[in-house]
Amino acid sequence: MEKTLVLIKPDAFGKNHTGDILKRYEDEGLKIVAAKVMQMDKKIAAIHYAEHVEKPFYPDLVEFMTSAPLMALILGGDNAISKVREINGATNPAKAAEGTIRKLYAESVTKNAVHASDSPESAAREIKIFFSEIEQFGA
Ligand code: IDP
Ligand code: MG
């Protein structure tokens with residue numbers, strides 16, 4: 001079973017879209033392997049978004065991601081990494097396909113409702129940031 005790290009970001013979590021978003025993933029056959037509600041601090045944000053530290057949008061991204069609680073998840077299933085990114089839609093909601101989570105719930109390119117790992121390497125790296133072994137269950 002492939003695993004991927006998903007964050008229901010502070011915008012979508014704060015607007016009570018969590019149940020609808022989880023239903024989308026479950027309807028596509030993905031299993032919830034781990035879940036928790038937490039608030040990111042700047043240190044965790046810097047580790048999670050290490051690849052973006054030098055980008056012009058990084059300060060706004062960290063400000064947003066640390067502003068309020070979010071839900072961190074591990075989702076598992078066949079091709080979970082690419083499947084979740086397809087369900088989420090394009091980073092910029094203006095370019096996201098109809099029916100995707102970002103099309104439905106994202107406000108802007110920064111406040112874009114969800115995060116998902118983009119490769120097996122990032123999934124392995126990101127899962128370790130948010131979850132210990134004991135918090136993960138098989139699907
Ligand atoms: P992804 O979340 O679709 O993988 P990334 O390029 O990895 O997109 O960017 C990480 C996050 O940074 C995005 O989800 C979004 O919140 C934010 N972001 C990316 N590009 C921009 C931008 O051009 N302007 C503002 N925020 C951005
Ligand atoms: Mg990314």
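Testing Leu5 on (1) outside any helix (DSSP H, G or I); (2) over 22 Å from Thr100 (Cα atoms); (3) not charged (D, E, K, R), one condition comes back false. Which one is that?
The one condition Leu5 does not meet is (2).
When the residues of the stretch 8-44 are filtered to those that are in a loop (DSSP other than H, G, I, E, B) and in contact with a His (Cβ under 8 Å, 6 or more places away or on another chain), which remaining residue is nearest to Arg102 (Cα to Cα)? Before you say what the answer is, go through the steps one by one.
If we filter the stretch 8-44 for residues that are in a loop (DSSP other than H, G, I, E, B), which is where we start, we get 9, 15-17, 28-30, 39-41.
So of that shortlist, the ones also in contact with a His (Cβ under 8 Å, 6 or more places away or on another chain) come out as 9, 40.
Details: Lys9: 11, Met40: 21 Å.
It comes out as Lys9.
Failed condition for Ala123, given (1) in contact with a strand residue (DSSP E or B) (Cβ under 7 Å, 6 or more places away or on another chain); (2) closer than 13 Å to Lys9 by Cβ; (3) crowded, with 20+ Cβ neighbours inside 10 Å, with all others met?
(2)
Residues that are part of a loop (DSSP other than H, G, I, E, B), within 16 Å of ligand 2 (Cβ to nearest atom) and open to solvent by 20 Å² or more (accessible area, probe 1.4 Å): does the stretch 92-102 have at least one? Quick ask: steps written out before the conclusion?
Kept after step one, since they are part of a loop (DSSP other than H, G, I, E, B), are these residues of the stretch 92-102: 92, 96-100.
With the extra rule that they be within 16 Å of ligand 2 (Cβ to nearest atom), the set shrinks to 92, 96, 100.
Those left that are additionally open to solvent by 20 Å² or more (accessible area, probe 1.4 Å): 92.
Within the stretch 92-102, one or more residues are part of a loop (DSSP other than H, G, I, E, B), within 16 Å of ligand 2 (Cβ to nearest atom) and open to solvent by 20 Å² or more (accessible area, probe 1.4 Å).
Return a yes/no flag: does the stretch 45-53 have any residue that is touching a Pro at 6+ places or on another chain (Cβ under 9 Å), assigned to a loop (DSSP other than H, G, I, E, B) and at pLDDT 95 or above.
There is no residue in the stretch 45-53 that is touching a Pro at 6+ places or on another chain (Cβ under 9 Å), assigned to a loop (DSSP other than H, G, I, E, B) and at pLDDT 95 or above.
Out of curiosity, is Glu107 more than 11 Å from ligand 1 (Cβ to nearest atom), more than 16 Å from Met38 (Cα to Cα) and open to solvent by 40 Å² or more (accessible area, probe 1.4 Å)?
Considered against the rule, which asks whether it is more than 11 Å from ligand 1 (Cβ to nearest atom), more than 16 Å from Met38 (Cα to Cα) and open to solvent by 40 Å² or more (accessible area, probe 1.4 Å), Glu107 comes out as no.
The values are calculated or read from the model by the stated rules, or taken from the named source; none is laboratory data. Bear in mind the structure is a predicted one, so any value in this text is a computation, not a measurement. Cβ sites come from the backbone with ideal geometry, for glycine too, and all protein chains shown count toward neighbours. Calculation scope for accessible area: heavy atoms of the full protein, side chains included, ligands and nucleic acids excluded. Shrake-Rupley method; radii C 1.70, N 1.55, O 1.52, S 1.80 Å.
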